[in-house]
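Participant: Got a structure for you, written out below as structure tokens; questions coming shortly.
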Amino acid sequence: MEVDEFRLPRVQLKELKGIKLYPHQKELFANFNKQKSFILITPTGSGKTMATALPILFYNENALFIYPTNALIENQMRSILKICNLLGKSCCFVDENNFQKKIDIDKDFIIIKIDGPFLKKVAQTMRYRTKGEALIYLISNNLKPIIILTNPDIFYLIISLKYSKSAKIAASLQKMNTIVLDEFHIYNGLELVNMLTIIFLSEKLNIGKRKVLLSATPDKSIINLLERFLSPEIIETKLDNNKEKSDLYTVVHKVNISVKVVDKENKLAKVTDIILEHKEEMKKNRRMNSKINYIPVLVILNSVVEIIKLEEELLKNEFQQEEIAPIRGLMDKSERKIKDKTLVVLGTSAIELGIDFSCDY
């Protein structure tokens, strides 16, 4: 099966010297201060982060970015730093290693990643009684524009006033000009209800006067619901695969996919056989490739239980523990690392949100 490439033109704006934008990026930038809400629909890899972070950084705004996984936050922090550099601006990252230090006032932006373990560490280190007090400590800075990157769980607890000193936290967040909700299409069921509650309550509490929702494959019924109370401008990427046009930039390259249908009962055994068949090739490629996120094989399974079972099968078949990197939600963050000798990464479908791999199979 062949997945075709897709290509987009790039244009130069006079306000942004040396930065060329795709049409959807240009449209969002041009209308950023004219609309209260946007839904940006564009395929994976076509620059959603650039589209949203660029005007926020250009106009020196405070912003709150909400991502479905903490791994995706790590990835996006790096992307935002690159955009800062493109604009000739500097960022001060506040994390678990430097939150006690004085803010560098020479920087243009303060960027903070906030998750549960970080709040716990801040509370313990600063001897606060609650995570709510830790939150106030982190977000009360008024020296520079602040960008907060967090997950839906943290913001839902904030917006539903579950933390101690909730009123003070909400008041501090009223300085947020924009709320960005990434990968909106992945939410369903209770998670979707929580996300819609976040949008509704943030409107009522005057947090984020502008909302930007990002999605690759949105559900039409959800779009219709959002249109009823947000009235967003919908910006959708128009793909152009006309290979005769030399001014088009390849966003995603052509991919050839080999499909093998496997009987459900024999799935893990078949996957094990395929991996063992390529083991020597995997070792050779591992030695020859020095990319940071390179792995020879990535395996995505339906559940954590299947990951554990496949890991056990590989260990029985002369794989070493250091050659296998299981990445699952219940693991400690320090364990989720790809090492120089990693041959196989095992994960569930959630792995697609936040971790970029260069792999052969």
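Participant: For the pair residue 78/residue 257, report the inter-label distance in nm, with labels modelled 7 Å from Cα in the Cβ direction.
Facilitator: 2.5 nm
Participant: Non-local amide H neighbours of residue 37 (under 5 Å, H modeled in plane, Pro and chain starts lacking H): which ones?
Facilitator: Under 5 Å from the amide H of residue 37 lie the amide H atoms of 211, 233, each far enough along the sequence or on another chain.
Participant: How much accessible area per residue does the stretch 80-167 have, counting only protein heavy atoms and a probe of 1.4 Å, in square angstrom?
Facilitator: Numbers: 4560 Å² over 88 residues.
Per-residue accessible area for the stretch 80-167 comes out at 52 Å².
Participant: Take the chain, connect every pair of alpha-carbon atoms lying under 10 Å apart with a spring to form a Gaussian network, then pick out the residue of 198, 223, 147 with the largest mean-square fluctuation.
Facilitator: 223
Participant: In the chain, what % of DSSP beta bridges are antiparallel (nearest 5)? All intermediate terms of the calculation are to be shown ahead of the outcome.
Facilitator: On the way: 8 of 49 bridges.
Antiparallel bridges: around 15 percent, rounded to the nearest 5.
Participant: Which of these, 229, 29, 93, has the largest mean-square fluctuation under a Gaussian network model of the chain (Cα springs below 10 Å)?
Facilitator: Its mean-square fluctuation being the largest, the pick is 229.
Participant: Students often forget the sequence filter, so: which aspartates and glutamates lie under 19 Å Cα-Cα from residue 175 once same-chain residues fewer than 8 apart are removed?
Facilitator: 61, 108, 133, 203
Participant: Which links in 220/254; 82/162; 107/168; 26/101 stretch past 32 Å when you go from one Cα to the other? Numbers along the way, then the final one.
Facilitator: Numbers: 220/254 28 Å; 82/162 35 Å; 107/168 26 Å; 26/101 38 Å.
With Cα atoms farther than 32 Å apart: 82/162; 26/101.
Participant: Under 15 Å from the Cα of residue 20, which aspartates and glutamates turn up, not counting those fewer than eight places away in the same chain?
Facilitator: 247
Participant: Given 264/291; 102/339; 120/209; 14/48; 144/238, which pairs have Cα atoms separated by over 26 Å?
Facilitator: Values: 264/291 34 Å; 102/339 34 Å; 120/209 29 Å; 14/48 21 Å; 144/238 37 Å.
Result: 264/291; 102/339; 120/209; 144/238 exceed 26 Å.
Participant: Still on this structure, I have one more. If each of residue 278 and residue 204 carries a label point 7 Å out from its Cα toward its Cβ, how far apart are those two points in nm?
Facilitator: 5.1 nm
Participant: Give the angle, between 0 and 90 degrees and rounded to the nearest 10, that separates the Cα long axis of helix 189-204 from the longest principal axis of the Cα atoms of the chain.
Facilitator: On a 0 to 90 degree scale, this one is about 20.
Participant: Related question: Rounded to a whole number, what % of the accessible area of the chain do carbon and sulfur atoms account for, probe 1.4 Å? Write out the running numbers ahead of the final one.
Facilitator: Numbers: 9730 of 19580 Å².
The computed percentage sits at 50.
Participant: Once Lys and Arg get +1 and Asp and Glu get -1 on their Cβ, which of 97, 30, 47 lies farthest toward the positive end of the dipole of the stretch 1-135?
Facilitator: Farthest towards the positive pole: 97.
Participant: Moving on to the next point. How far is the Cα center of the stretch 51-97 from the Cα center of the stretch 1-23, in Å?
Facilitator: 20 Å
Participant: In degrees from 0 to 90, rounded to the nearest 10, what is the angle of the helix 48-58 Cα long axis to the longest principal axis of the chain?
Facilitator: For helix 48-58, the angle is close to 30 degrees.
Participant: Compute the long axis of helix 70-86 from its Cα atoms, compare it with the longest principal axis of the Cα atoms of the chain, and write down the angle in degrees, 0 to 90, nearest 10.
Facilitator: 60 degrees
Participant: Then there is this: Test of understanding: in a Gaussian network model of the chain with alpha carbons linked when under 10 Å, which of 280, 27, 311 would top the mean-square fluctuation ranking?
Facilitator: With Cα springs under 10 Å in the chain, the top fluctuation among 280, 27, 311 is at 280.
Participant: List the lysines whose Cα lies under 23 Å from the Cα of residue 267, skipping any in the same chain that are fewer than 8 positions away.
Facilitator: 279, 309, 316
The values are calculated or read from the model by the stated rules, or taken from the named source; none is laboratory data. Everything numeric here is computed off the predicted structure, so don't read it as measured data. Glycine gets a Cβ as well: all are built from the backbone with ideal geometry, and neighbour counts include every protein chain shown. Ligands, DNA and RNA are stripped out before the accessible areas are found, and what is left, the full protein with its side chains, is counted by its heavy atoms. Shrake-Rupley method; radii C 1.70, N 1.55, O 1.52, S 1.80 Å.
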